[in-house]
Amino acid sequence: MNYAVIDRGDSLSKALTEKFHQLAAERGFIRNDETPEIVISIGGDGTLLQAFHTYVDQITDVAFVGIHTGHLGFYADWQADELEELVGMMANETPRIVRYPLVEIELETPTESRHYLALNEFTLKGVDGTLVVQININDEMFEMFRGDGIVISTPSGSTAYNKSLGGAIVHPSIESLQIAEIASINNRVYRTLGSSVLLPQHHHCDIISKKEQRLQLTVDHVSIMRSDIRSIRCNVSSRKVSFARYRPFPFWNRVREAFLGYDVR
Ligand code: NAP
């Protein structure tokens, strides 16, 4: 098996990485940072986001396994003291590959068009003041948005920033994207829907800049500042991210443990 490890960079994650390499060598796994089949992320869900973006160009060829150095996470579902058990399972068992939907965006400026994939979400915010954008759904005007920002999340990202905004938690088997508002202005002059919206796989939305404005775009943990964005097309990607599951950990159990704080296993 060809594998690579990405860690958070703190002393515990680094020590676990060394231990993983040692256990993997004993089992005959091959370390291959260029074209791994399995990418092990050691740290937290944020580290898995980094691992995802490191291998985003070969996303259909890799599967991720996340080890959490703190509490169990949404992507990181193994704990530090389970390292030997995990390596043993990797050596002896065929994992179930679970695939989660991704959001794809296409950014248009007067000079270029750029594509990005997000595992959690992409956000758009005004840098110097209120964000002013028109939102079209399936090429028809839906609303004129004025406010702090817009968050477009994947189902697995629905438990992250989206949840803080009151968006719904969406099971990752539902191929969709969710549009949530950050502090929209609503009064007699300006009006937005106010609730978050879920689009199915075959729908798309466009966010069209309606004034000269500096915009901050984030793709998961990566931040990009631009003042020349004309529009952004968002849709559910035809590509998916894969996770190698060596034991079940149902999504709703993760939600319960993360937010309600108890474990019934
Ligand atoms: P960070 O600010 O260091 O961490 C954000 C927190 O979100 C961490 O506790 C992280 O878990 C958790 N998280 C990441 N993905 C998650 C998911 N799918 N479901 C539930 N929790 C999740 O930032 P970061 O580590 O670079 O991560 C970037 C993410 O932060 C963004 O994708 C966005 O979702 C989130 N964020 C949230 C807010 C908010 O809720 N108001 C604001 C900005 C950004 P770990 O501790 O396991 O890494």
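Just a few scattered comments:
- Total formal charge among the other residues, if their Cβ is under 12 angstrom from that of PRO172, Lys/Arg +1 and Asp/Glu -1: +2
- Separation of region 1-67 from region 198-265 is 22 Å, based on Cα centroids.
- Each of ILE169, ILE67 was scored by other Cβ atoms within 10 Å of its Cβ. Arranged with the fewest first, they read ILE169, ILE67.
- Length-normalised contact order of region 1-155 in % [C-alpha pairs under 8 Å, at least 6 apart]: 16 percent
- Cα gyration tensor, region 1-145 - rounded (a/c under 1.5), prolate or oblate: prolate
- Only lysines eight or more places from LYS125 in sequence, or on another chain, were considered; those with a Cα closer than 23 Å are LYS163, LYS210, LYS211.
- Burial ordering of VAL132, VAL189, fewest other beta-carbon atoms within 10 Å first: VAL189, VAL132
- Springs between Cα atoms under 10 Å define the GNM used for the chain, and in it the highest mean-square fluctuation of ASP128, ASP206, ASP33 occurs at ASP128.
- Rounded if a/c under 1.5, otherwise prolate or oblate - the chain, Cα gyration tensor axes: prolate
- Taking every alpha-carbon pair under 8 Å whose residues sit at least 6 apart, the chain reaches a relative contact order of 20 percent.
- Gain in span if fully extended, VAL222 to MET144, counting 0.36 nm per residue against the direct Cα distance: 25.4 nm
- Sequence-separation-based contact order of region 102-238, relative, with Cα cut under 8 Å and 6+ spacing, percent: 32 percent
- Helical contribution to [θ] at 222 nm, DSSP H n ≥ 4, -39,500 (n - 2.57), averaged over the chain, rounded to 500: -5000 deg cm²/dmol
- For the chain, share of DSSP beta bridges that run antiparallel, in % to the nearest 5: 75 percent
- Order of SER209, SER184 - criterion: other Cβ atoms within 10 Å of each residue's Cβ, fewest first: SER184, SER209
Bear in mind that the values in this text are calculations on the coordinates, not laboratory data. Quick caveat, the model's predicted, so the values are computed rather than measured. Every residue, glycine among them, receives a Cβ derived from its backbone with ideal geometry; neighbour counts consider all protein chains shown.
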